[in-house]
Amino acid sequence: MKEKCIKKQSNTDWNRLESMSDNEIDLSDIPELDESIFKNATLQIPTNKKSVSLRLDSDVLNWFKSQGKGYQTKINTILRMYMKAKTHSKL
């Protein structure tokens, strides 16, 4: 079943933002990026996902859904972390 796409109202003051120059934007809380950012970077190529039917306890599913958009991706990420932890523990 397809999920209904709900557009959310933005709280951004787009007119004010568009009228600002680059010098007016406060970047003090954003660190300058340099080559060190790539020191430990790895390329993560997305894999093809497969559609499955999965039975979850209602409270578990409701909790993930309450976290907002992307709950299926979060479930997948948690399962991947568990898989990696179990794989590494066998080494």
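Please treat every number below as a calculation from the coordinates, not as lab data. Given the structure is predicted, the values throughout are model-derived calculations rather than measurements. Cβ atoms come from the backbone with ideal geometry, glycine included; neighbour counts cover every protein chain shown.
General remarks:
- Alpha-carbon gyration tensor eigenvalues x 5, square-rooted, for the chain, Å: 35, 26, 12
- Principal-axis tilt of helix 71-89 within the chain, Cα atoms, nearest 10 degrees: 60
- Length gained on full extension, residue 30 to residue 74, computed as 0.36 nm times the residue gap minus the Cα-Cα distance: 13.2 nm.
- FRET efficiency estimate (nearest 0.05) - Cβ-Cβ, residue 10 to residue 60, R0 25 angstrom: 0.20
- Flagged links, alpha-carbon separation over 19 Å, of 50/74; 8/50; 8/49: 8/50; 8/49
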